[in-house]
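Worksheet: the structure to be examined is printed underneath.
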Amino acid sequence: MSETNVDSLVASHDPTHPANLICQLCRLFYNNGWVTGTGGGISIRDGDLIYIAPSGVQKERMVADNMFVMDLPTKKYLRVPESLKPSACTPLFLAAYTIRNAGACIHTHSQNAVVVSLLYDKVFTIANIEQIKALPKIVEPGYLGFFDTLIIPIIENTAHEEDLKDSLEQAIIDYPSATAVLVRRHGIYVWGETVWKAKVYNEAIDYLLELAVKMRQLGIPPDGGIGSERNTRLV
Ligand SMILES: CSC[C@@H](O)[C@@H](O)C(=O)COP(=O)(O)O
Ligand SMILES: [Zn+2]
């Protein structure tokens, strides 16, 4: 592919083109405090093509021309922007693509994720909250119900992002119903069948993580079941 054709992989006026969408969603995530200070990011898959942001840049200031493009079957880069390195999260994004056939994978440094990772040991669980219904069952078609329990595994952080690969892959395999993995003292990886599903799952999970922290502060166990709040009621 010539240089011009390579650039055509990311040059589009379509706001839903993956290269444009990564920039747009990162600005949205930045405003939620999820990808500030260069941390976090998102990768999107379009068929066999994977769009990856550069490493160590302000994620809210990226433009489509900054995007790397990889061919998923061969893992070869088709487009490498000058003077940039691909995100250190790339091996983690690839785990979601190859093991779960994800359409997009989001990584945030959400403080809700970090606090929850300090409060729970191996898994985060929450039940009987309406927002759980936004999350998929994965192991069977459909979404979790109000009476179901959401389970998100927690893995230990490593000195370098790429070294999380093995434990993240193991967690994905060990928890087939999970659509996210928390990384202790670091953040969270969330993936979905499409970019829009990944976005919704990330939003719903972050809401539930924040809620769980508040419930714990009030002495209400987030997975304690309906009625476990009775002891803390004022009247
Ligand atoms: C604040 S540095 C954060 C990085 O080490 C890493 O955790 C991260 O989430 C982003 O990595 P990047 O390579 O910039 O895409
Ligand atoms: Zn990170």
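So, in region 94-108, how many residues would count as being closer than 17 Å to Ile205 by Cβ and within 16 Å of ligand 2 (Cβ to nearest atom)?
So the answer is 5.
Based on what the data block shows, is Gly47 of a type in the set (Gly, Ala, Ser) and touching a His at 6+ places or on another chain (Cβ under 8 Å)?
Considered against the rule, which asks whether it is of a type in the set (Gly, Ala, Ser) and touching a His at 6+ places or on another chain (Cβ under 8 Å), Gly47 comes out as no.
Being free of Cβ contacts under 8 Å to residues at least 24 places away in the same chain and surrounded by fewer than 18 Cβ atoms within 10 Å (Cβ to Cβ) is the filter here; which residues of region 67-97 pass it?
Once the filter is applied, which keeps residues that are free of Cβ contacts under 8 Å to residues at least 24 places away in the same chain and surrounded by fewer than 18 Cβ atoms within 10 Å (Cβ to Cβ), region 67-97 yields Asp71, Thr74, Lys75, Lys76, Tyr77, Val80, Glu82, Ser83.
Any residue at all in region 175-189 that is within 19 Å of the chain's Cα centre (by Cα) and under 19 Å from Gln24 (Cα atoms)?
Looking for residues that are within 19 Å of the chain's Cα centre (by Cα) and under 19 Å from Gln24 (Cα atoms), one finds at least one in region 175-189, hence yes.
Out of Ile220, Ile172, Ile154, Ile205, report the one residue that is buried (at least 16 other Cβ atoms within 10 Å of the Cβ), in a loop (DSSP other than H, G, I, E, B) and not acidic (Asp, Glu).
Result of the check over Ile220, Ile172, Ile154, Ile205: Ile220.
Here's a check for you: in region 104-141, which residue that is under 12 Å from Leu182 (Cβ atoms) and assigned to a loop (DSSP other than H, G, I, E, B) is nearest to ligand 1 (Cβ to nearest atom)?
His109
Which of (1) farther than 27 Å from Gly56 by Cα; (2) touching a residue at least 24 places away in the same chain (Cβ under 8 Å) does Phe146 not meet, given it meets every other one?
For Phe146, the exception is condition (2).
For Leu9, are the conditions met, namely being within 19 Å of the chain's Cα centre (by Cα), of a type outside the set (Ser, Thr, Tyr), at negative phi and more than 16 Å from ligand 1 (Cβ to nearest atom)? It would help to see each step written out before you state the result.
Working: within 19 Å of the chain's Cα centre (by Cα): no; of a type outside the set (Ser, Thr, Tyr): yes; at negative phi: yes; more than 16 Å from ligand 1 (Cβ to nearest atom): yes.
No.
Looking only at region 170-220, which residues are under 18 Å from Ala95 (Cα atoms) and of a type in the set (S, T, N, Q)?
Selection gives Gln170, Ser177, Thr179, Thr194, Asn202.
From the set of residues in region 32-59 that are of a type in the set (A, V, I, L, M, F, W, C) and surrounded by fewer than 23 Cβ atoms within 10 Å (Cβ to Cβ), which is nearest to Glu82 (Cα to Cα)?
Residues of region 32-59 of a type in the set (A, V, I, L, M, F, W, C): 34-35, 42, 44, 49-50, 52-53, 57.
Next, from what is left, pick out any that are surrounded by fewer than 23 Cβ atoms within 10 Å (Cβ to Cβ): 49, 57.
Details: Leu49: 19, Val57: 14 Å.
By that ranking, first place goes to Val57.
Take Gln24 and tell me if it is of a type outside the set (A, V, I, L, M) and under 17 Å from Thr194 (Cβ atoms). Reasoning before the result, please.
On the way: of a type outside the set (A, V, I, L, M): yes; under 17 Å from Thr194 (Cβ atoms): yes.
Considered against the rule, which asks whether it is of a type outside the set (A, V, I, L, M) and under 17 Å from Thr194 (Cβ atoms), Gln24 comes out as yes.
Go through region 204-223 and report how many residues are touching a strand residue (DSSP E or B) at 6+ places or on another chain (Cβ under 9 Å) and either without any contact (Cβ under 8 Å) to a residue 40 or more places away in the chain or β-branched (Val, Ile, Thr) (or both).
Going through region 204-223 one residue at a time, the tally reaches 2.
Out of all the residues in region 1-23, which are surrounded by fewer than 15 Cβ atoms within 10 Å (Cβ to Cβ) and either under 23 Å from Ala96 (Cβ atoms) or among the polar types (S, T, N, Q) (or both)?
Selection gives Ser2, Thr4, Asn5, Ser8, Ser12, Thr16.
Only the coordinates and a few stated rules stand behind these numbers; no lab work does. Worth saying up front: this structure is predicted, and the values here are computed from it rather than measured. With ideal geometry, Cβ positions are generated from the backbone for all residues, glycine too; neighbour counts draw on all protein chains shown.
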